[in-house]
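K.L.:
Before we start, here is the structure in question, set down as structure tokens.
The values are calculated or read from the model by the stated rules, or taken from the named source; none is laboratory data. All figures in this text were calculated on a predicted structure; none of them were measured in a lab. Cβ atoms come from the backbone with ideal geometry, glycine included; neighbour counts cover every protein chain shown.
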Amino acid sequence: MGCKIETVCASRGMPTLPDRLVDRRVDAGDSLRDLERFFNREVLAAAMRDAGMELLEGEAENVHRLLTDEDVSDAARTEARDRLRRAGVDVDAVRDDFVTYGTVRTHLRECAGVETGRESSVDAASVRDTAFGLFGRAEAITEREVSRLAETESFDAGDVTVSLTARVTCETCGEEYGLLRLLDRGGCGCRRED
Ligand SMILES: [Zn+2]
Ligand SMILES: [Zn+2]
């Protein structure tokens with residue numbers, strides 16, 4: 001008997017997925033959270049395809065987000081569930097087959113013999129919090145300094161508002177993103193083949 005990952009892959013006809021998790025960990029250095037998301041999206045995509053749904057680019061990713069993301073409204077989540085159900089997808093069974101990053105870690109360590117070490121706690125949410133905390137402080141300080149300047153004779157301005165945005169360029173493919181958008185979409189994706 002394998003772990004949950006192997007059981008789910010066997011029952012859903014995804015025989016190569018357990019090894020692909022290992023490859024992503026070893027070759028691309030994906031975090032356990034990345035792998036959790038990747039695995040669960042694959043499970044969802046398999047269930048949708050099995051029900052005869054045609055998957056557009058990024059669709060499984062989007063539906064997965066609608067089903068699991070804390071920031072999604074109840075209405076949007078219900079709508080996504082209803083749409084899947086109407087198409088013949090057993091949504092509860094899919095959700096039961098989702099794994100946690102702990103399960104991914106156990107699979108890597110005990111089934112595949114990959115040392116997972118200490119996982120740093122960085123994820124998209126923590127990066128967003130760090131960056132926007134910094135931006136907020138930088139905006140406040142810049143605003144204050146410009147306002148001080150506006151009180152001098154040599155510079156004229158009304159009340160000012162400063163807003164910072166971060167552009168992130170992937171040097172591998174040259175694609176440029178707003179930081180939030182890049183975090184939301186789970187990275188650039190240009191190094192992934194599928
Ligand atoms: Zn396993
Ligand atoms: Zn890229």
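K.L.:
Can you find a residue in the stretch 183-191 that is within 29 Å of residue 22 (Cβ to Cβ), assigned to a helix (DSSP H, G or I) and more than 16 Å from ligand 2 (Cβ to nearest atom)? I'd like the intermediate steps shown before the answer.
P.N.:
Residues of the stretch 183-191 that are within 29 Å of residue 22 (Cβ to Cβ), as a first pass: 183-191.
Now drop any that are not assigned to a helix (DSSP H, G or I), which leaves 183-184.
If we keep only those that are more than 16 Å from ligand 2 (Cβ to nearest atom) as well, we get none.
No; the residues of the stretch 183-191 include none that is within 29 Å of residue 22 (Cβ to Cβ), assigned to a helix (DSSP H, G or I) and more than 16 Å from ligand 2 (Cβ to nearest atom).
K.L.:
Among the residues of the stretch 1-21, which ones are aliphatic (A, V, I, L, M) and not in a loop (DSSP other than H, G, I, E, B)?
P.N.:
So the first thing to find is which residues in the stretch 1-21 are aliphatic (A, V, I, L, M), and the list is 1, 5, 8, 10, 14, 17, 21.
Within the stretch 1-21, 5, 8, 10, 17, 21 meet the criteria.
K.L.:
If I filter the stretch 1-38 down to residues being β-branched (Val, Ile, Thr) and within 13 Å of ligand 1 (Cβ to nearest atom), which single residue comes out as farthest from residue 187 (Cα to Cα)?
P.N.:
Result: 7.
K.L.:
Out of the residues in the stretch 142-168 that are surrounded by 13 or more Cβ atoms within 10 Å (Cβ to Cβ) and part of a helix (DSSP H, G or I), state the one that is farthest from ligand 2 (Cβ to nearest atom).
P.N.:
Per the criteria, the residue is 150.
K.L.:
Could you check the stretch 78-94 and list, in sequence order, the residues that are without any contact (Cβ under 8 Å) to a residue 40 or more places away in the chain and aliphatic (A, V, I, L, M)?
P.N.:
Of the stretch 78-94, the ones without any contact (Cβ under 8 Å) to a residue 40 or more places away in the chain are 78-88, 91-92.
80, 84, 87, 91 - these are the residues of the stretch 78-94 that are without any contact (Cβ under 8 Å) to a residue 40 or more places away in the chain and aliphatic (A, V, I, L, M).
K.L.:
Can you find, within the stretch 49-60, the residue that is nearest to residue 100 (Cα to Cα) among those that are touching a Leu at 6+ places or on another chain (Cβ under 9 Å) and surrounded by fewer than 21 Cβ atoms within 10 Å (Cβ to Cβ)?
P.N.:
At the first step, the residues of the stretch 49-60 found to be touching a Leu at 6+ places or on another chain (Cβ under 9 Å) are 49, 51, 53, 60.
Keeping just the survivors that are surrounded by fewer than 21 Cβ atoms within 10 Å (Cβ to Cβ) gives 49, 51, 53.
Working: 49: 23, 51: 24, 53: 26 Å.
Restricting to residues being touching a Leu at 6+ places or on another chain (Cβ under 9 Å) and surrounded by fewer than 21 Cβ atoms within 10 Å (Cβ to Cβ), the top hit is 49.
K.L.:
From the list 54, 36, which residue is over 12 Å from the mean Cα position of the chain (by Cα) and acidic (Asp, Glu)? Even if it seems obvious, please write down each step before you answer.
P.N.:
Details: 36 fails: over 12 Å from the mean Cα position of the chain (by Cα).
Selected residue: 54, the only one of 54, 36 that is over 12 Å from the mean Cα position of the chain (by Cα) and acidic (Asp, Glu).
K.L.:
Hey, another quick one. I need the helices (runs of 4 or more DSSP H) fully contained in the stretch 22-123, keeping only those with at least 3 residues that are within 18 Å of residue 4 (Cβ to Cβ) and touching a His at 6+ places or on another chain (Cβ under 9 Å).
P.N.:
Working: elements: 32-50, 59-68, 74-86, 91-97, 101-106.
Filter on the stretch 22-123 gives 32-50.
K.L.:
I would also like to ask the following. Quick check on this structure: which one of 175, 171, 139 is surrounded by 10 or more Cβ atoms within 10 Å (Cβ to Cβ), within 14 Å of ligand 2 (Cβ to nearest atom) and modelled with pLDDT of 90 or more?
P.N.:
Values: 171 fails: surrounded by 10 or more Cβ atoms within 10 Å (Cβ to Cβ); 139 fails: within 14 Å of ligand 2 (Cβ to nearest atom).
175 is the lone residue from the list that is surrounded by 10 or more Cβ atoms within 10 Å (Cβ to Cβ), within 14 Å of ligand 2 (Cβ to nearest atom) and modelled with pLDDT of 90 or more.
K.L.:
If you don't mind, there's one more thing I want to ask. With respect to the numbered conditions (1) at pLDDT below 90; (2) part of a loop (DSSP other than H, G, I, E, B); (3) within 22 Å of residue 61 (Cβ to Cβ), which one is the sole condition not fulfilled by residue 126?
P.N.:
(2)
K.L.:
Which one of 123, 97 is in contact (Cβ under 8 Å) with a residue 40 or more places away in the chain, under 29 Å from residue 24 (Cα atoms), surrounded by 15 or more Cβ atoms within 10 Å (Cβ to Cβ) and more than 16 Å from ligand 1 (Cβ to nearest atom)? If you could, list the steps in order and put the result at the bottom.
P.N.:
Working: 97 fails: more than 16 Å from ligand 1 (Cβ to nearest atom).
Answer to the selection: 123.
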